[in-house]
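What follows is one structure encoded as structure tokens, with my remarks underneath.
Every read-out reported here was derived from the displayed coordinates using simple, explicitly stated rules and does not represent laboratory data. Computed from a prediction, not measured in an experiment: that's the story for all the values here. Glycine also receives a Cβ, built like all others from the backbone with ideal geometry; neighbour counts cover every protein chain displayed.
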Amino acid sequence: MRMAALIIVVFAGLTARAGNDALPISTAIDVRTEDLLIQPPAVNWISYNGDYSGRRYSGLSEINPGNLSALRAEWVFHARNSGRLEVTPVVVNGLMFVTAANDASAIDARTGRVVWHHSWPISEGLIDDASQHTNRGVALWHGRVYMETDNAHLLCLDVRSGNLIWDVAYADWNKNYGATSAPLVVKDKVLVGTSGGDDGVRGFVAAYDTLTGKLAWRFWTIPGPGEFGSESWPGKLYRHGGGTTWMPGTYDPQLNTIYWGTGNPAPDFEGGVRPGDDLYTDCVLALDPDTGKLKWYFQFTPHDLFDFDAVETPLLIDAVYQGVARKLLVQANRNGYIYVLDRTNGKFLSATPFAEKLNWAKSIYAQGRPVLTGVQPAVEGTRICPGYSGATNWFAPSYSESTHSVYFMALEECETYFFKPQTFQEGKGYYSTGVKRIPGEASQKVLIAFNLDTNSIAWKYPQTGGGRSSGGTMATAGGLVFFGDDAGSFEAVDARSGKPLWHFNAGQEMTASPMSYGIAGKQYVAIAAGSDVFSFALP
């Protein structure tokens, strides 16, 4: 208790400086529902994607092409328990929240000084993705901080001190479960998902009461016996069907609907044991946040044999599209197509290929189903494009309100897919074999701008590197797109043309997505690289 009291005093003493004046940073952090509804984010980046829409568009414009060359690093925060941060920092009233593995830290967003630190042990005995102890950030609600742990616990911390308020194990009956996401708070509920789809778990989205941690509802992404779609899951296979929910969804408060992407079916590369479409894998689900009831779904890759998760952020965009004012859902999908749906009902509007290397499908039917080529994993191996990492992946896309363009990082890659039957075993992966890189075939990351007005790719910015990075994007009202490039640099380009304007060599691989915030009239941009969080500002 004495340590907690000391930390609160330090927190109360934070100041932000503008010129010669010292302005107190508010100590009364109280994130209300109306705060979460603000779009676009500006001085506060209040959730993983900045706001509920998932667009990662900052309303701040102080940093622009005219002064960008003066942008410099202000401070660096080093995480001691992770060499591969995938977190997007969250900032409210000058206080930044960062996660690294199972630890959370509150940081003075002006100086990088640690205000409090909450440590949680790294779990032993985990497998696959969970064993990497990935954590992508926190959610805030009133005076509370929520985070997931590597072994699928939901922690509730006090925003003033970092002290634990409660801890809920939300997936504990199968040790193949894990968690890698940031939670999402909607009204009085905090929503979570799991990883482990490649390891034979049954995916779900769960909602917990923000005050008590009591379970409010759970939606299983793999239907049980007798439920709609269960014909794909004979016997007890539904208990191991995958479809995990390992990235946060988005939310439309006007429609009172959550949009959440689901992962691939299990076993990954063996389709004979799971006939049919394998619902609700590789889908975007439209859920009622009050009850968890399904409103509609859209499946991008029915009967997936290629590990084409659909957990990429579903962007919620209101725009005139093909001559009609619509509420759109846009997703750049791992399967190589960027999809545009009507988010009021899930109606398919278009799918445009963005990957040049794409051989699993010929095109997309008018109803949204793929026209397959027939390629599939084989005992002797089959060359399939995109590869196992997908034509894009979890790293964040963004959308600019001024250019009407979606920005995302793509990967041009093919790999050899192999097939070998396998039975589920707890504590082991459930892939039914795997993939290999093709000798002599290069892989390349490409930053893409997709324009909704023309329904076409506006420009491409090819990257220099090995294609292994996972840096996401952020658009700003200053006419810029910030992103982690494939050469270990934090970079900015002109949002309209894609012209490179600025870069900072972080010297570490980028596996995270950027954000922006403001303090006392000064704009900052921040991104995690390797084991560090960097914050940048103008002099």
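Computed from backbone phi, the HN-Hα couplings of the range 119-136 come to 9, 10, x, 6, 7, 9, x, 7, 10, 6, 4, 4, 6, 8, 6, 6, 9, 9 Hz, rounded to whole numbers (Karplus: 6.51 cos²θ - 1.76 cosθ + 1.60, θ = phi - 60°; Gly and Pro given as x). Shown is the FRET efficiency for Leu37 and Val379, computed with R0 = 51 Å from the Cβ-Cβ distance and rounded to the nearest 0.05: 0.45. Each label point was placed 7 Å from the Cα along the Cα-to-Cβ direction; for Ser131 and Lys428 their separation is 1.3 nm. Note on Asp453/Ile122: beta-carbon distance plugged into 1/(1 + (r/R0)^6) with R0 of 45 Å gives a FRET efficiency of 0.45. For the range 507-523, backbone phi angles converted through the Karplus equation (6.51, -1.76, 1.60; θ = phi - 60°) give residue-by-residue couplings of x, 9, 5, 8, 9, 8, 10, x, 8, 9, 8, x, 9, 6, x, 10, 8 Hz, Gly and Pro being listed as x.
The angle separating the long axis of helix 2-12 from the principal Cα axis of greatest extent in the chain is about 80 degrees. Once Rg and the Kirkwood radius are both taken over the C-alpha atoms of the chain, their ratio Rg/Rh works out to 0.95. Approximating the spin labels as points 7 Å out from Cα along Cα→Cβ, the Lys460-to-Trp166 distance works out to 5.1 nm.
The calculated FRET efficiency for the pair Leu538 and Arg239, based on their C-beta separation and a Förster distance of 56 Å, comes to about 0.55. Annotation: Cα Rg of the range 343-467 relative to the compact-globule expectation 2.2 N^0.38 Å equals 1.24.
In straight-distance terms, cross-link reach from Lys214 covers every one of the aspartates and glutamates whose alpha-carbon lies under 16 Å from its own, apart from those fewer than eight places away in the same chain; here that gives Glu148, Asp167, Asp172, Asp188, Asp290. Taking 0.36 nm per residue of separation and subtracting the Cα-Cα distance, full extension of the segment from Ser61 to Lys420 would add 123.9 nm. One chain, two ends: Arg437 and Asp209. Fully extended at 0.36 nm per residue, the span grows by 77.6 nm beyond their Cα-Cα distance. Only counting other Cβ atoms within 10 Å, I'd like Cys283, Cys414 sorted with the fewest neighbours first. Fewest-to-most ranking of Cys283, Cys414: Cys414, Cys283.
Scanning residues 5 or more positions from Gly50 or on other chains, none has an amide H under 5 Å from its amide H, with H placed 1.01 Å from N in the peptide plane. Summarising the amide proton neighbourhood of Val186: residues at separation of 5 or more, or on other chains, whose placed amide H is nearer than 5 Å comprise Leu191. Filter Lys420/Lys445; Lys327/Lys347; Lys347/Lys460 down to the pairs with a C-alpha to C-alpha distance above 21 Å, please. Beyond 21 Å: Lys420/Lys445; Lys347/Lys460.
Label-to-label distance, Asn256 versus Glu227, with points set 7 angstrom from Cα along the beta-carbon direction: 2.3 nm.
Secondary-structure-derived ellipticity at 222 nm for the chain, considering helices only, amounts to -500 deg cm²/dmol, per-run term -39500 (n - 2.57) for DSSP H runs with n ≥ 4. Using θ = phi - 60° in the Karplus curve 6.51 cos²θ - 1.76 cosθ + 1.60, the 3J(HN,Hα) couplings for the range 196-210 round to x, x, 7, 10, x, 9, 9, x, 6, 10, 10, 10, 10, 4, 5 Hz; x is entered for Gly and Pro. Only the Cβ atoms of Lys and Arg (+1) and of Asp and Glu (-1) were treated as charged; on that basis the dipole of the chain about its Cα centre amounts to roughly 380 debye. Give the Debye-formula value of log10 I(q)/I(0) at each listed q (0.29, 0.33 Å⁻¹), with one equal scatterer per alpha carbon of the range 169-214, two decimals each. Taking Cα atoms of the range 169-214 as identical point scatterers yields -1.07, -1.23.
Applying 0.36 nm per residue to the separation of Val114 and Ala366 and subtracting their alpha-carbon distance, the gain on full extension is 85.4 nm. Taking amide H positions as modeled 1.01 Å from N, with prolines and chain starts lacking one, the residues under 5 Å from Leu480 and 5 or more places away or on another chain are Ala495. If you take all C-alpha pairs in the range 215-272, what percent of them are over 19 Å apart? Summing the P(r) of the range 215-272 above 19 Å gives 41 percent of all pairs. Overall, the anisotropy analysis places the range 440-500 in the oblate class: the square-rooted eigenvalues a ≥ b ≥ c of its C-alpha gyration tensor yield a/c not less than 1.5, with a/b not exceeding b/c.
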